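Enquirer: Take this structure, written in structure tokens, and hold onto it; I'll ask about it next.
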Amino acid sequence: DGSWEPWICSRHKVEISPDCKIFSPANLRACQEVPGYKKLVDHYMTERYTLRYSGGLVPDIYQQFTKTQGIFSNPTSPSSPAKLRLAFEAAPFALLVEKAGGKSSDGVTGGSILDVQINTVDQRTALCIGSANEVDRFNSWVVNEE
């Protein structure tokens, strides 16, 4: 209606805890070619993590902020390439999540997505983002294939 309404502060400090029991797997086709990712998804199911699958990065990250926990993983494989755009999706959300105490992974080296150089406007990337200990598990099992 054009009227101005003030913002309502629901929380003074947004934090993402280092541990979580909510997982949001993306690109599940990669499980066929990335044994570490299949192992990781099986772990989440066996350990009774809550499955959050919206099919979208934005709602899954939003839930991490509202529930103060969670892990979103979107690795790549030879037949299932990266779809997330580095400059417009992965890096901006990684900045917010890391400022809230979470971590991000580029899915290749295991380093922060914020350390990946943007070379083209439409550059695509793998991504794991959320609760720090689960990003570390992703790096250990998927990136380093332990």
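Enquirer: Please specify each residue of the stretch 1-22 satisfying the condition of being small (Gly, Ala, Ser) and at pLDDT below 95.
Expert: Those that are small (Gly, Ala, Ser) and at pLDDT below 95: Gly2, Ser3, Ser10.
Enquirer: Using the structure shown, decide if Ser112 is of a type in the set (Gly, Ala, Ser) and farther than 12 Å from Ser73 by Cα.
Expert: So Ser112 passes the test.
Enquirer: Can I ask one more? Considering only residues of the stretch 30-52 that are basic (Lys, Arg) and modelled with pLDDT of 90 or more, which is surrounded by the most Cβ atoms within 10 Å (Cβ to Cβ)?
Expert: Lys38
Enquirer: Moving to a separate point now. Would you confirm whether any residue within the stretch 53-71 is in a loop (DSSP other than H, G, I, E, B), touching a helix residue (DSSP H, G or I) at 6+ places or on another chain (Cβ under 6 Å) and either of a type in the set (S, T, N, Q) or open to solvent by 30 Å² or more (accessible area, probe 1.4 Å) (or both)?
Expert: Yes, the conditions are met somewhere in the stretch 53-71.
Enquirer: Here is a check on your reading of the model: is Ser104 modelled with pLDDT of 95 or more, in a strand (DSSP E or B) and on the phi < 0 side of the Ramachandran plot?
Expert: yes
Enquirer: Then there's this: Which residues, counting only those in the stretch 72-101, are in a loop (DSSP other than H, G, I, E, B) and in contact (Cβ under 8 Å) with a residue 60 or more places away in the chain?
Expert: Of everything in the stretch 72-101, those that are in a loop (DSSP other than H, G, I, E, B) and in contact (Cβ under 8 Å) with a residue 60 or more places away in the chain turn out to be Pro75, Ala100, Gly101.
Enquirer: Six or more apart or on different chains, Cβ atoms under 6 Å: show the pairs whose first residue is in the stretch 122-146 and more than 24 Å from Ala100 (Cβ to Cβ) and whose second is of a type in the set (A, V, I, L, M) and surrounded by 15 or more Cβ atoms within 10 Å (Cβ to Cβ).
Expert: If the second residue must be of a type in the set (A, V, I, L, M) and surrounded by 15 or more Cβ atoms within 10 Å (Cβ to Cβ), the pairs left are Gln123/Leu86; Arg124/Ala82.
Enquirer: Modelled with pLDDT of 90 or more, under 14 Å from the mean Cα position of the chain (by Cα), over 16 Å from Pro75 (Cα atoms) and not hydrophobic (A, V, I, L, M, F, W, C), is that true of Pro25?
Expert: Criteria not met by Pro25.
Enquirer: While we're looking at this one, here's another question. Just a yes or no: is a residue in the stretch 85-94 closer than 17 Å to Ser140 by Cβ, modelled with pLDDT of 95 or more and touching a strand residue (DSSP E or B) at 6+ places or on another chain (Cβ under 6 Å)?
Expert: Scanning the stretch 85-94, I find no residue that is closer than 17 Å to Ser140 by Cβ, modelled with pLDDT of 95 or more and touching a strand residue (DSSP E or B) at 6+ places or on another chain (Cβ under 6 Å), so the answer is no.
Enquirer: Taking Arg11 as the residue in question, decide whether it is open to solvent by 80 Å² or more (accessible area, probe 1.4 Å), assigned to a helix (DSSP H, G or I) and basic (Lys, Arg).
Expert: When the stated conditions are applied, Arg11 does not pass them.
The values are calculated or read from the model by the stated rules, or taken from the named source; none is laboratory data. The model shown is predicted, which means the values in this text are computed figures rather than measured ones. Quick reminder, even Gly has a Cβ in these numbers, built from the backbone with ideal geometry, and neighbours come from all protein chains shown. What goes into the accessible areas is simple: the full protein's heavy atoms, side chains included, and nothing from ligands, DNA or RNA. Shrake-Rupley method; radii C 1.70, N 1.55, O 1.52, S 1.80 Å.
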